[in-house]
Every structure is written in structure tokens, then in C-alpha cells.
Amino acid sequence: MTALDDAVLGDRQRLSYIASQAADARLNVELETEGMTLNIGPQHPATHGTLRIIARLDGEQVVWAEPSCGYMHRGYEKLTEVRTYPQVTTLVNRIDWLGSFANEVPFILAAEKLMGVEAPPRAQWIRTILFELSRVANVSLFLGDLGVQLGAITPVFLAFRDREYVLNLIESATGGRFHPNFDRIGGLKDDLPAGWIAETKQVMRKMRNFCDEIESLLFGNEIFQSRTRGIGVIPRDVAMQYGLSGANLRASGVDWDLRRDQDSPMAWNKVSWKVHTHPDGDSFARCWVRLQETREATLIVDQLLDGIPSGPVMAKVPKIIKVPEGEAWVSTENPLGEMGYYVVSRGDIGPFRVKIRSASFNNISIVPWALRGVYVPDIITILASLYFILGDIDR
Amino acid sequence: MSALAIEIPYWGQSLLRVLGGLVAVLLPAGTIVYVFLFKMMSFMQSRLGPMEAGPYGSLQLVAEVGKWLQKEDIVPTNADRRIFRMAPIVVLVSTFLLVAVVPFGPDAWFTDFETGIFYALAVSSVSVLGILMAGWASANKYSLLGGLRAAGQLIAYELPMVLAVVGVVIQAGTMNLQQIVVAQNSGSIFGFDGLGNPYVLTQFVGFLVFMVAMQAELSQAPFDMPIAESELVSGYMTEYSGFRFLIFFIGEFATAGVFAMIASTLFLGGWGLPFAWFGWDSVDSVANWMNVAGPVIVVTKMMAVTFLVMWVRFSSPRLREDQLQRFAWKVLIPLSLANIMVTAVFKVVA
Amino acid sequence: MGLRLSSPAEPPVDAARDAMVAEVRAVLGAAVLDSLVKPGDDAWIRVSTGAWRQTLQSLRTVLGFHYFCFLSAIDWMPSPFGRGEDDPTQPAPERDATIRPGYCGGDTRMQVFARVVNPVTHAAITVKADVPDDTMTVDSVADVYEGANWHEREAHEMFGISFAGHPDLRNMYLPSDFEGHPLRKDFPLLARMVKPWPGIVDVEPLPGGGEGDES
């Protein structure tokens, strides 16, 4: 600036000189590929909503990445403190919005546990059926969306087509396609409609066909395999430290499924089914485990449909529900992973504190660890295979 | 054009050529969009596709164009305005330059270039410039990444494409596309001339390499990383809207059409039918009606080739950039080099 | 482990959980202030604030609780705003403000608690520790369980608890200049303050239960 003497340059010229220098400097900083910061999201096709991932890139390689959430934080933990117990299901429905019914179940179970009531067997079986149906609806969309994330556009249409059948089933049983709000403390709102069982069996056959279709269309595809195998490997001990759950944990070789390994009033232990694990821990393993679980879920539903016990769907509970003082933790194996509620009651009509342990929050907390050193396209693969739902992260 | 009975002044010929070029670029583009992008993709995905605009949605593209034309032409604040605006035109221009050498009949051609295929391969890289310009000028990181990916990819796949064409050139003994067509249709395979000698049979490896390289040149899935809507939003096209996006869109499918025409010219016999069917022996003896039938034949073959391109596009996921490069350098280039060697040996021996 | 509900066949003692808690007590010694086992349900221990990090360290390395489930905090102070159902035009009613701790007791307003699981036996335990009212600080366990990193960040912004030794206590959800800690009981839920809550009358008749059913 010493050469720029006030006498030589007028004010306007000097300003424009500084401005052009500043613009160049900014352009150099912004467009430098070495050490470029890439904002993926909040609005980005790969983030299923409004997750933002800040990635520091060297060329196309990620040096450092950090998810930034909160664009969808709705404060459910605070809101539960001013709701009554039956009203809370309306809130928690919207945590994982693709598998809503599964969100209601652990909360209702926790409240029932504190109250010492148990839903009649028929209600438990129907709960389990609906729970697994929401898993099928949720994960089938994942399987279709997986293709889109990796550039194959066809699977997602098949997924939307076939998920529709499942949503119709959920709608005809509960009245709500996305947010059933059907679970009650002590049972269920209603019994199943007539003809539902036969229809469900048919749909489960369709979903198994869908799984076969996706397996041959996507999982058998060499490009898909080369894009997912060995990408985003999460070893067993890291997965457990981060509290990964569901298919993400089982894909790292941990044989742990809350449906099987936990005594629960639900009907899972009344039928025979298999927990799938995969030793690799990579993106392919996570997707593969989810595919197998979808198929397994349809088999569970099929078996449960054959043996629904008769009886009422609602236990005797007081009209105004007051939950005795105490603390309870209930978690279930939701489509996304372990979903749990730590409910603290003070003997009131509403909870004193509810800690919502959602699966995606833990699952996505591994992202900074998992994204280091991968390429930009692999960010998408890893995010897709970890499978999160925004509402489930932010709550 | 002189073979047509009427004498046309030079300016008239030029005008006809320009109109012909427009038709030769836009008609295939529109057909490809409707038949493949709208309908074939929908049927593959168990849905109907557009059904409202016109019978079976046939006017959907017109509706889309109308929509795009109405949209605001947004230029981002930080963008390099002039280059940003120029980029789509550069891309489209390369398509028009490309179609200039495609022969449509014994006398229906725009230019009868002695080194036609050489020119075509050179000019096809002009679109890279446009894409790089778009990627850089958008002042958007996704666009920049997309533009750079496009540049890397198109340059990597230019080489196997050139090498695949070399086989054809050796076999035909000429770089003139018109003569390549004639050589295929008047040739014979081991004395059997019922099919002529379409190089898709004798240059099958070359054809495969050419198709793969073409898929990459056109950045269609599984090589659509420059666009990669789930990673880079839309790559170099992210910031474009309205009319300029339309130009990119038309450019994409028009280029697909023109490349398919070149592929059919090089490997499927172009505008010709096997000359033996009609007893022709050289291009001069070809009947005049082939000037009318030729374009139809070229478009038919073009649709067949585009079908292959689109079929792959709609059914495969996307490769990663490094996998794509590895595939080009480790598989396609050695393969095409081997093909050239074998072709050369046969040429010398036979 | 497990959660069989009020099953009549359930024995009143839970040998597995009792043994687990005894083992934990043996390892941790005097750090364990209190413990509770609800047969067939769950197990809780409360440790002193100073032993919080050491406890989780031992649980992970010595006792094999490798799986980190969650970490959070509780504000035991009753809300001064009740259930947010007050008429904003009337003066606020008197409320009992005594702080009563939950299971395993506690001496402070805030408590942190974490749940860890043994992936082999599937035994789980909930560990609680008091947060001193004056410093509002406990040790971070983010280096014991990597996954605790985000949970501590969340607890930090929601409750205002500091975690000593945490690498990066940025806000996760709220803007960085947000004032207050939303999950503290004295943080008002403003939407409830400005307008009476319409859900007060939202009591639907239960299926099966008659109108006058008061069981």
C-alpha cells in the first residue's frame, strides 16, 4: 500500500483497488481445492431432510468432517414434561417418521411397567405385528433410497410402490398412514379390521418379492458392490463405544438383537426367526443386514398372524392415567436401532422427565470418525448405509 | 447437394444446411427425451410417466420447454457472469459442430470431410470446455467439483474412444465417414456380402469400447459423476435455471443423439443398406432415393444405439471417480490397443 | 436382565442383577454411594461425583460393559411453572419446590446418569452421579466411551452442566448465542406461558371402559 499514495490515487480509485484485491483474496480462499470446506446440507439430496455436514476436503478426499444437527430440533424431551402420558405418543410418533408405530411402543411399555399393568396377549401380538410392519415400511424405503444415493434411480420407485401396500395395511388397522397413534397404555385403541389378516399375508408375500427384487437388482450389481464393499468399515469395538445399534451394530459382527435378547412382553419370542449378522462392518454389510431383516420381519408377521390369541385388546386401566412414582427404562429394536425411553415419574398425570434415546443420534455420532479420509462419493455411501432419519437425530 | 435435380444457389444451400443441422440435432434430442427418458424409464420403473400433455404425454417436452422458458434466468452474485452465460452455448455448439460430419445419404451430407472422424473426435472435446466454464464460473463448490470431475472423466475417456475408432479407420482405410459407410456396406465378411461388413461384427471389441467411452463422454450413469445428483446436487448445472438449464438439458440429449449417429456410422453401416441387395457397387451407383431413406435409416440406428445407452443408464448405480479412471486406464485402453494390433495384423495379412 | 412385567412367576429376587451389582461394588469400593436392583427390571448405582469417570472407566475395562447406550442428566427441581397449564392472567399458584431425588438418592439438584451394557451377558446398569450445585461440573467420559462426546454436548447445552476434559462443548442444537438451558425445570416453555393449553380437557373415553368406569 505504500505505493498507493493519496496524492496519486483518488479515494474512489483506491477503494476499488482494495475491493478488487479483497475479491481476489476471497476467491482464492473459497475456490482453493486444497483445503476446501464443503457444506453438505442443510438442503442436500443426500441428507434426507436437514442435516448439515461440514467437510474439509483435500481434492476429493475428506480431511475432517463434522455433522451439524439441530435444524429440526423440536424439543420433545421438554414437551413431554407438559403432556399427559397418553398425549406423549403423539409426539414420539414423529421421531422416526417412517416407522412411527415402533416409536410409540417402548414409551407405552415403560409407562405400563411403571404402572404395573400388562396389555392382554392379543394386544401384545397385534402390537408386535404392527411394529414389524412399520419396520418393513421403514426399511423398504431405505432399500430403495439406497439406490438413489448411489445413482441408481429405479429401486426407489419399486420401494415406493411396494411400501404403499404396507402403509395401506397400517392405515386400515390404525387409521393413520404415517402417525398411527394407536398404542394405548394397557393395550391398543381398537381391534384389527375384518379381512386384515388375509390381506396382510398377501402383502407380506409381495414384500418378500420386493426384497428378492432389490437383492438381485441392487445387491447383486457389481457397481453397487464396488461402491459399498470396504467403504466405511466400523470395527466391532468402535461400534460399541459409539453405541451404534440395530443393523449397524449387527453388521459389525455383534450378535445382539433386543427383540431376542431381552425379556419383553411383546410376542417376538413366541415365533421363530433369525438374527442376521455380518462380519465385515462395511457399508455393504449394513445394507445387507437391513435387507435380511426386512425379509425376516415379513416372516415374523406371517407367523404371528397365524397365532393371534383371542381376547380383549385393552386391559382395565383408570380413565385418568396417573403413573406411580419411579423410574423405568424400556428400549426396543426399532427399524433404525435401539430406541429407548428413560421415564421418570412423580405420580403425576404426565412424566417428570423423559430421556429419549434415539437410535440415529448414536448412529450418526460416529460420522466424524467414519468419514475421515474417504472420498466425497463415499460420504454419501456411508451416510446412506448408516441410515438415519432426521427426526430421530434431533428429536 | 448438387445431385438433387434443382440448382440451389450457395446461400440457399447454406440455409438448408443450417436448417438441416437444427433438425438433425433437435429432432433426435426431443425423440430421445420422450421415448427414453419419459417413457422407457417409466416403464422400467413400473409407472406410466407423463400422460397428461398430449396423447400419451407426447407433448410433455413442449410443456417442459415452455416452463423453462418462463423461468427467471438467475446468475449467482459471485458468478463470473459472462462465462457463466456463455458456458451452455459452448456445450450446445460442440453438438452442432459434431453433427456437421455425419453423412445421411449418398449425397445428403453437410460436409464431406476427408478427415471426418478425426474432426469429430477433436470437436467433441469442446463440450468439456463449456462444462469446465460452467463449473468454474458458477462460484459454487459443487459446480466446481462437478466441472473438474467432468474434465478428468472426459479426457480419460477420449483416449479409449480414439483408440476404438482407430480399429475402424484401419479396417476401412479412410477417415472419411462417408467412405467408412460405403466400405461397410460394400464390404463382405469372408466372401459373404449379404450383410455387407458392418464393423460391429468385425470390430466388436472396438464397438464395446466405443460404447463404454461414449457412455462416459455423455456422462450417463454409471459414469454420471459430473452430475451426481445425490452427491453434487447437479454438478456443474447446479446454479443454472430457466433457459440456460434448458440448453444444457437439450445439449445432453442432443449430444447423446449425435454420438449415437456417429456410432451407427462407424459400426452399424450408417445410412446405407448392404449394397449387394440392390446390385450397387460404389457410392456413385447408389440410387437417389437413398437420400431420403438414408436419414430415416440413420435415425433408426441411432435410436437402437441410444436404447443401449439409456438401458444401461437406467439400470446401473454410479461408479466412483477413481474407479472410473481405473477402468479407463487399466481395462479399456489396453483392450483397445490389443484390438488395434489384431486389426492391423489382419489388415496386413489379408 | 429383561423387563417381564408383573408376571406372577417372577421371583422376588433377581440373582443375576444382585450378583452384578455386588461385583460392581467390589470393584469400585466406597465410590458406590447407593445401589438399587428392581428384580426382573433394572439395576441402578449412584457414585460420588469425583468417582464418575473412574466408575465408567472400570465398568468398561474391568467389568466388560463395552456398549455405551446413552448419557444424560436430570434436573430434580420441580418445575416452578407446574405443567404449564396456568392461566397467564392469574397470579401463579404456590407450588412445592422441595427437591426430591429419584432412585438411589442424591444430594444435588442436577444428576448425570449413563447407561452401559455388557454385550456378552446383555446385563445393563444405569450409573448416576450428583452434579455439584456450585460448579455444575463433572468429569467428561468422552475418552472412556467415544460415543459420550455428543451426549455430553447435548447435556451441556440442555442443562448447563460442564464436562471437564471434554474436547469440544459446542452447542449441538441451539444457536451458539442462545441463552438459557432448555431442559432445566426453571426454563419456561414460552408457548405454554402466553396461551392456555387446550389439551387440558383432552381426555378421551377408553375403549371397553364405560362412561362411569372409575376402576
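Taken together, the values in this text are just the output of simple stated rules run on the coordinates, not laboratory data. Quick caveat, the model's predicted, so the values are computed rather than measured. Heads up, the Cβs are rebuilt from the backbone with ideal geometry, glycines too, and the neighbour counts pull from every protein chain shown.
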**Report entry** Sum of side-chain charges, residue B:249 neighbourhood, beta-carbon under 13 Å (Lys, Arg +1; Asp, Glu -1)
**Finding:** +1
Query raised in the report: Looking at the protein assembly as shown, what % of its DSSP beta bridges pair antiparallel, to the nearest 5?
Result: 90
**Report entry** Other-chain or far-sequence residues with amide H under 5 Å of residue A:231's (modelled H)
**Finding:** A:283, A:284
Report summary line: Note, residue C:107: beta-carbon cut-off 12 Å, +1 each Lys/Arg, -1 each Asp/Glu, net +1
Query - Of all DSSP beta bridges in segment C:15-194, antiparallel share, percent nearest 5 - result: 75
Query - In Hz, Karplus ³J(HN,Hα) per residue of segment A:61-78 (6.51, -1.76, 1.60; θ = phi - 60°; x = Gly, Pro) - result: 9, 7, 8, 7, 9, 8, x, 10, 9, x, 6, 9, 6, 10, x, 5, 5, 6
Report summary line: Diffusion coefficient in µm²/s returned for segment B:10-349 by Stokes-Einstein, Kirkwood Rh over C-alpha pairs, 37 °C and 0.692 mPa s, is 158
Query raised in the report: Dividing the alpha-carbon Rg of segment B:113-198 by 2.2 N^0.38 Å yields what?
Result: 1.53
**Report entry** Equivalent-ellipsoid semi-axes of segment A:346-394, from the Cα gyration tensor, Å, largest first
**Finding:** 34, 10, 6
Query raised in the report: What is the calculated FRET efficiency for residue C:18 to residue C:120, with r their C-beta to C-beta distance and R₀ = 25 Å, to the nearest 0.05?
Result: 0.85
Query raised in the report: So what is the relative contact order for segment B:19-147, in percent, with contacts set as C-alpha pairs under 8 Å and at least six apart?
Result: 23
Query raised in the report: Can you work out ³J(HN,Hα) from phi for every residue in segment A:263-268, in order, using Karplus 6.51 cos²θ - 1.76 cosθ + 1.60 and θ = phi - 60°, giving whole Hz and x for Gly and Pro?
Result: 6, 9, x, 5, 8, 4
**Report entry** For segment A:76-362, alpha-carbon Rg over 2.2 N^0.38 Å
**Finding:** 0.99
Query raised in the report: What per residue convex hull volume, in Å³, do the alpha-carbon atoms of segment B:156-202 yield?
Result: 69
**Report entry** Note, ³J(HN,Hα) from phi for segment B:153-160, Karplus 6.51, -1.76, 1.60, rounded to Hz, x at Gly and Pro
**Finding:** 5, 5, 5, 5, 8, 4, 5, x
Query raised in the report: What is the set of long-range amide H partners of residue A:53 at a cut-off below 5 Å, with H atoms built 1.01 Å from backbone N?
Result: A:40, A:41, A:68
Query raised in the report: Computed over the Cα atoms, what is the radius of gyration of segment B:1-124 divided by 2.2 N^0.38 Å, N being its residue count?
Result: 1.39
Query raised in the report: Taking the Cα centre of each part, how many Å lie between segment A:141-167 and segment A:265-322?
Result: 22
Report task. Calculate how steeply helix B:242-267 sits against the longest principal axis of the alpha-carbon atoms of chain B, using the helix alpha-carbon long axis, and give the answer as 0 to 90 degrees to the nearest 10. Result -> 20
Query raised in the report: Where the Cα atoms of the protein assembly as shown are projected onto their three principal axes, how long is each span, largest first, in whole Å?
Result: 106, 89, 56
Query raised in the report: If you take all C-alpha pairs in segment A:99-160, what percent of them are over 13 Å apart?
Result: 68
Query - For residue B:176, residues with placed amide H under 5 Å, excluding near neighbours - result: B:116
Report summary line: Taking Cα pairs closer than 8 Å and at least 6 residues apart, the relative contact order of chain A in percent is 24
Query - Kirkwood hydrodynamic radius of segment C:15-194, from inverse mean 1/r over distinct Cα pairs, in Å - result: 17.5
Query raised in the report: Net charge near residue B:145, counting Lys/Arg +1 and Asp/Glu -1 over other residues with Cβ under 9 Å of its Cβ?
Result: 0
Query - Contact order normalised by residue count of chain B, Cα under 8 Å, 6+ apart, percent - result: 24
